[in-house]
1. For the chain, modelled as a GNM with alpha-carbon contacts under 10 angstrom, which of Asp29, Asp161, Asp247 fluctuates the most?
2. Assuming 0.36 nm per residue, please report the length gained on full extension of the stretch Glu240 to Leu90 beyond their Cα-Cα distance.
3. Which order, highest average first, do 292-299, 152-159 follow once you tally other Cβ atoms within 10 Å for each residue and take the mean per peptide?
4. Could you please rank Ile234, Ile172, Ile11, placing first whichever residue has the fewest other Cβ atoms within 10 Å of its Cβ?
5. Along the principal axes of its C-alpha atoms, what lengths does the stretch 48-143 span, in descending order and rounded to whole Å?
6. Using +1 on the beta carbon of Lys and Arg, -1 on that of Asp and Glu, and nothing else charged, what's the dipole of the stretch 48-143 about the Cα centre, debye to 20?
7. Exposed loop trypsin sites (Lys or Arg not before Pro) only (DSSP loop, at most 15 other Cβ atoms within 10 Å): please give the longest stretch of the chain free of them, not including the sites.
8. If you bin the C-alpha pair distances of the stretch 234-288 every 5 Å from 0, what whole percents do you get?
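Read-outs: derived from the displayed coordinates by stated rules, not from any lab. The structure presented is a predicted model; accordingly, all values stated were derived computationally and were not measured. Here the Cβ is made from the backbone with ideal geometry for all residues, glycine too, and neighbour counts use every protein chain on show.
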Amino acid sequence: MREILAAERRISPFVRKTPLWPARVRTVDGERDVLLKLEHLQVSGTFKARGAYNAVIRMARESSRSGPKRFVIASGGNAGIAAAVACKSLDVALTVVVPTWASPSRLAQLGQLGVEVVAQGETHAETHEIAGTIADRTKAVMLHPYNSVDAVAGAGTVALDLVKQSPGHGPIVVAVGGGGLLAGVALAGEYLGYETVGVEPTGAPSFNRALRAGAPVDVEVDTLAADTLGAARIGSLAFEICHQNPDVTSVLVDDKAIEMAREYLWQDFKLAVEPSAGAAFAAVMGGLVRSASDAPPVVILCGANALSVQTAMTVEG
């Protein structure tokens with residue numbers, strides 16, 4: 001918890017305190033009060049800005065008097081965009097290694113932010129290895145998109161945010177890719193006294209499978225949310241923090257439910273979000289978020305970089 005509190009102090013001048021919206025939502029069990037944490041309005045378009053600023057600021061202060069001259073990160077998009085925003089505002093260089101199938105919209109955003117983009121590798125593991133090679137060659141400092149104390153602590157600051165906004169909330173519902181957001185929210189929850197629900201697509205169940213196996217395992221990824229929730233293995237740090245925590249649960253939603261959730265958020269609230277945010281909301285709509293508390297659950301709408309408002313309006317096909 002000390003790391004999360006330190007991260008909050010570190011990043012507060014650079015990130016937004018995003019709104020917490022009360023909403024009445026249709027679910028399979030009838031209407032339900034829900035709180036929507038609008039992290040898709042965060043700097044860089046996702047919660048990832050929290051971890052990126054935390055890492056870059058801390059490393060810049062601790063490396064040397066002048067700080068590191070360059071960073072490198074392997075990312076399919078959101079973590080890279082967040083790192084680019086942080087590095088640009090702090091005036092340090094960045095190289096982002098993306099897989100060859102990275103979405104054009106994310107590549108365009110990276111280009112606009114003026115970072116070096118290297119498109120190599122077919123998997124997250126391959127891009128991470130390439131980034132490591134670049135770091136060794138250029139003496140750059142390597143950032144991890146989710147499996148680092150900086151990323152987890154930065155993500156955990158969203159929980160401090162919403163607890164101040166609504167002290168009496170119920171479980172916090174988060175989408176799970178590599179597990180940085182899950183770990184940060186769950187770690188804060190141990191001290192603040194709430195449950196955490198991790199939601200994954202059925203086509204990318206890395207945390208769910210790890211819980212069953214008792215250790216992180218590789219999974220096949222086949223989901224429309226692969227762009228943001230496509231980690232083939234849960235981060236070791238997230239697993240360590242979460243696997244024996246009785247207040248952390250794992251649920252799965254299919255791609256159809258994710259699409260329906262995104263459509264609902266647009267049609268009823270005019271909120272355009274990417275599939276990862278849709279996954280978390282789908283768990284509530286599907287009646288998968290249970291709690292002994294009557295307090296409304298909080299759904300973290302974690303990002304909106306994957307589509308524009310115009311695309312959201314046509315999501316029902």
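1. Taking springs between Cα atoms under 10 Å, the residue moving most is Asp29.
2. 50.8 nm
3. Those peptides, ordered most packed to least, come out 152-159, 292-299.
4. Numbers: Ile234 33, Ile172 29, Ile11 24.
With the fewest neighbours first, Ile234, Ile172, Ile11 line up as Ile11, Ile172, Ile234.
5. The Cα atoms of the stretch 48-143 stretch 38, 25, 19 Å along the principal axes, largest first.
6. With only Lys, Arg, Asp and Glu charged at Cβ, the dipole is about 460 debye.
7. So the longest stretch without any such site is 140-269.
8. 4, 19, 23, 16, 15, 13, 7, 2
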